[in-house]
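Written out below as structure tokens is the structure these notes cover.
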Amino acid sequence: MASTSNERLIESAATCMARDGYYQTKISDIVKGAGVSQGTFYWYYKNKEDVVKAIFSEVEQGLLDVVKIGYRQTMGTRESMVASSVGLIASYLRYVREHRDAIRLLTRCRQDADPVVKELANKVVRHVEDAFFHNIQRAKALGMIPEQRSTDVQAALLMSLVDGMTYRWLFTEVDNDKDIGQLSPEALAEEIVSYEFFGMLGAPEEKRQMGET
């Protein structure tokens with residue numbers, strides 16, 4: 001099915017701004033990439049900030065939909081919890097890969113954009129972190145992970161881990177990161193979750209025993 005003018009505008013805006021930056025991108029660049037007139041742009045949006053809001057709104061909803069899949073309803077074993085988390089993070093990584101330009105734009109705007117747009121980008125990340133917070137909180141309520149450590153800190157650590165590894169996986173071309181860039185979403189998810197649970201639950205029993213001998 002053919003995409004609508006609005007969908008083409010959003011896609012073009014994400015591509016142009018991810019590549020050239022928020023400040024450098026002109027509305028004429030966006031409409032050229034979308035194959036529509038400037039009048040069509042102004043039918044949907046007042047300015048660049050307005051179209052960025054639409055991009056970030058879509059990205060936020062997509063990421064939240066993925067993270068909320070991990071909201072636990074019942075108690076489970078450690079193995080089932082790890083497997084569920086791998087599935088969640090793999091879905092998260094597949095989503096960001098499919099929306100690569102929008103994710104890169106989000107990252108760029110968190111560092112270099114109009115203050116209003118920068119705040120919009122940071123708000124998306126805070127809301128995703130909040131979703132991770134609720135997942136961890138629910139797992140604690142079910143007795144699946146220890147209560148002692150701060151859920152705020154754990155959510156921040158998990159968000160930083162996922163966010164940082166996502167960026168390196170998608171965008172970094174340094175020689176040292178070749179192995180990361182070649183991982184599948186599933187393989188990278190397994191690495192992230194292994195590290196996540198080592199931090200939350202401590203080393204597996206056999207590793208603790210090895211350390212004591």
Any residue that is modelled with pLDDT of 95 or more and under 20 Å from Q24 (Cβ atoms) - is there at least one of those in the stretch 60-76? no
Among all residue pairs at least 6 apart or on different chains, which show Cβ distances below 9 Å where the first residue, located in the stretch 104-120, is farther than 14 Å from G164 by Cα and the second is acidic (D, E)? D114/E49; V116/E49; V117/E49; K118/D112; L120/E49
Please state which one of L170, L188 is out of contact with any strand residue (DSSP E or B) (no Cβ under 8 Å at 6 or more places or on another chain), surrounded by 17 or more Cβ atoms within 10 Å (Cβ to Cβ) and under 21 Å from T107 (Cβ atoms). L188
Of all residues in the stretch 18-61 being of a type in the set (A, V, I, L, M, F, W, C) and over 18 Å from the mean Cα position of the chain (by Cα), which is nearest to V116 (Cα to Cα)? V51
Quick check on this structure: which one of S184, S150 is without any contact (Cβ under 8 Å) to a residue 60 or more places away in the chain and more than 17 Å from the chain's Cα centre (by Cα)? S150
So for the stretch 22-33 (the condition being in contact (Cβ under 8 Å) with a residue 40 or more places away in the chain and surrounded by fewer than 22 Cβ atoms within 10 Å (Cβ to Cβ)), does at least one residue qualify? yes
Out of (1) more than 20 Å from V193 (Cα to Cα); (2) modelled with pLDDT of 95 or more; (3) surrounded by fewer than 16 Cβ atoms within 10 Å (Cβ to Cβ), the one A13 does not meet is (3)
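The values are calculated or read from the model by the stated rules, or taken from the named source; none is laboratory data. In this text, all values refer to a predicted model and were calculated from it rather than measured experimentally. Note that we place each Cβ from the backbone using ideal geometry, even for glycine, and neighbour counts take in every protein chain shown.
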